[in-house]
Amino acid sequence: MHPMKKSRLITHLSKHTPLFIAAVVAISPFGAPNASAAPIPPQGFTPLFNGSDLSGWYGMNQDPRKLWALSKEDQAKFRDASMADFKKHWTVDGDDLVNDGHGDYATTVKEYGDYELLLEYKTVAQADSGIYLRATPQVQIWDFTEAGGKWNIGADKGSGGLWNNSPGTAGKDPLVLADKPFGQWNSFRILQVGARTTVYLNGKLVVDHANMENYWDRKNPLWKTGPIQLQTHGGEIRWRNVFIREIGAQEANTILANRGNDGFKTVFNGRNFDGWAGPLENYQIQDGALVCKPEHGGTIYTKEEYSDFMVRLEFKLPPGGNNGLAIRYPGTGDTAYGGMCELQVLDDTHPKYNSLDPRQVHGSAYGMAGAHKGFLRPTGEWNFEEVTVKGSTIKVELNGTIILDTDLSKISEYMANSAHPGKNRTSGHFGFAGHSDPVMFRNVQIKSLAGH
């Protein structure tokens, strides 16, 4: 019979779990604790490292698109073929997952979208490592001392930053130096929602809701899903208590809505159409949400006008659903042409939209500027969207990922050669441009940026 085992104390800061979570201490029949057991995760989390072997991991150090281009069968073969070399450099030592500083990166077989990741690491002088999120570099780990020789590239600021972001962007450098001295364990808490990354190192906030760039393809946003990778880079590093909790749509929307919400005012109260104008008879209110009646439409809009502003809202699409956000709408006519623009709200995953122009997909400035596709939640789930209108520029962020960032004043080519005479409008109403489908909107809030 194997002796009973003892697990370590796990400390975790989260609104979803108690501040301190004590692991269970098991005592042998003779009253003495023995070897360490599989790590016990906080409530709601699952272990990525089981504390005993390399199950659930394989080795990879390449652009993940090379793997994703393979068939499922060939992907499995790639993972299997990686294991011989992977096991030469990655071993289990007691409770620790240990890398000798060489070989491919430890990569989870499972891929993840939105999540909360907890882990601890301990490394050595002059080491350089990191954590790849959705197969993308990286939350930086390195020697923060002058003797480490990398102060010229930011090591003096410490670990935890999104080092592969562009120079000067939010998140590239950590907000504070939070590393512990060598020989001590460091702890990370990482929240990934869309492309928005938040990092706590040893309980200190070092990256605050920063947009993580796609290192492999900077013209496109961070992938929607991908594996977690533990990087190897020339020096021994140990990992333990590697836990993950996947974040669902409702929680993700709450996280996004609560970020920097000062100055936002509710413009739809969920009970009636106070403050709104237009063909209101074509809309109804269901469970606190504004809904376009089936086979009805037209643009309803706020009585108040806005110049520069931000709007945050949630929307839910039926299969094939079509609506739009009216931006700087004059109060009459087709907002796609007479207003500054119509931002598409569309189930562009539906088969009937297989041949869309990029300037028609969800989030596009209809007919003028195309948006990145593939970041909608499945139909029937609530999506969170934030739109920033400043001068002639428009930015659309869907579920935490920026899908449109454009300057309409620079656009001179239009879909179907149809001019948009309203695109240079400097103010107007905000509204919804219904197109006969029961698309739902709720939690509509606007923040004026006039004077900012």
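Does segment 122-130 include one or more residues that are touching an Asp or Glu at 6+ places or on another chain (Cβ under 8 Å), among the polar types (S, T, N, Q) and surrounded by fewer than 19 Cβ atoms within 10 Å (Cβ to Cβ)? Checked against the condition, which is being touching an Asp or Glu at 6+ places or on another chain (Cβ under 8 Å), among the polar types (S, T, N, Q) and surrounded by fewer than 19 Cβ atoms within 10 Å (Cβ to Cβ), segment 122-130 yields at least one hit. Could you tell me whether segment 67-90 includes any residue that is assigned to a strand (DSSP E or B), in the same structural domain as Ala195 (by TED's automatic domain parsing) and at pLDDT 95 or above? Looking for residues that are assigned to a strand (DSSP E or B), in the same structural domain as Ala195 (by TED's automatic domain parsing) and at pLDDT 95 or above, one finds at least one in segment 67-90, hence yes.
Screening Arg196, Arg245 for residues that are under 24 Å from Phe49 (Cβ atoms) and either of a type in the set (Val, Ile, Thr) or touching a strand residue (DSSP E or B) at 6+ places or on another chain (Cβ under 7 Å) (or both) leaves exactly one candidate, Arg245. Quick check: is even one residue across segment 216-228 surrounded by 19 or more Cβ atoms within 10 Å (Cβ to Cβ), of a type in the set (S, T, N, Q) and at pLDDT 95 or above? No - not one qualifying residue is present in segment 216-228.
For segment 386-428, the set of residues classified as closer than 18 Å to Ala326 by Cβ, β-branched (Val, Ile, Thr) and surrounded by 12 or more Cβ atoms within 10 Å (Cβ to Cβ) consists of Val387, Thr388, Val389, Thr393, Ile394, Val396, Thr406, listed by residue number. Picking from residues in segment 328-366 that are farther than 22 Å from Glu413 by Cα and of a type in the set (D, E, K, R), the one that is surrounded by the fewest Cβ atoms within 10 Å (Cβ to Cβ) is Lys352. Of the strands (runs of 3 or more DSSP E) lying entirely inside segment 369-452, those containing at least 3 residues that are under 18 Å from Ile300 (Cβ atoms) span 428-435, 440-448. When Val199 is tested against (1) under 14 Å from the mean Cα position of the chain (by Cα); (2) closer than 23 Å to Val396 by Cβ, exactly one condition is not met: (2).
With a requirement of 2 or more residues that are surrounded by 14 or more Cβ atoms within 10 Å (Cβ to Cβ) and in contact with a Gly (Cβ under 6 Å, 6 or more places away or on another chain), the strands (runs of 3 or more DSSP E) lying completely within segment 254-317 that satisfy it span 297-306. Assessment of segment 366-374 against the conditions (under 24 Å from the mean Cα position of the chain (by Cα), farther than 21 Å from Arg312 by Cβ and among the charged types (D, E, K, R)) yields at least one matching residue.
Is it the case that Thr145 is assigned by TED's automatic domain parsing to the domain that holds Met60, among the polar types (S, T, N, Q) and buried (at least 22 other Cβ atoms within 10 Å of the Cβ)? So Thr145 does not fit the description; no.
Which residue out of Pro181, Pro137 is of a type outside the set (S, T, N, Q) and modelled with pLDDT of 95 or more? Steps first, answer last, please.
Details: Pro181 fails: modelled with pLDDT of 95 or more.
Being of a type outside the set (S, T, N, Q) and modelled with pLDDT of 95 or more holds for just one of Pro181, Pro137, which is Pro137.
A single member of Leu54, Leu97 is touching a strand residue (DSSP E or B) at 6+ places or on another chain (Cβ under 9 Å), surrounded by 13 or more Cβ atoms within 10 Å (Cβ to Cβ) and part of a loop (DSSP other than H, G, I, E, B), and it is Leu54. Only a single item in (1) within 16 Å of Ala433 (Cα to Cα); (2) part of a helix (DSSP H, G or I) is not met by Gly331, and it is number (2).
The values are calculated or read from the model by the stated rules, or taken from the named source; none is laboratory data. Because the structure is a prediction, the values reported are computed rather than measured. Don't worry about glycine lacking a Cβ; one is built from the backbone with ideal geometry, like all the others, and counts go over all protein chains shown.
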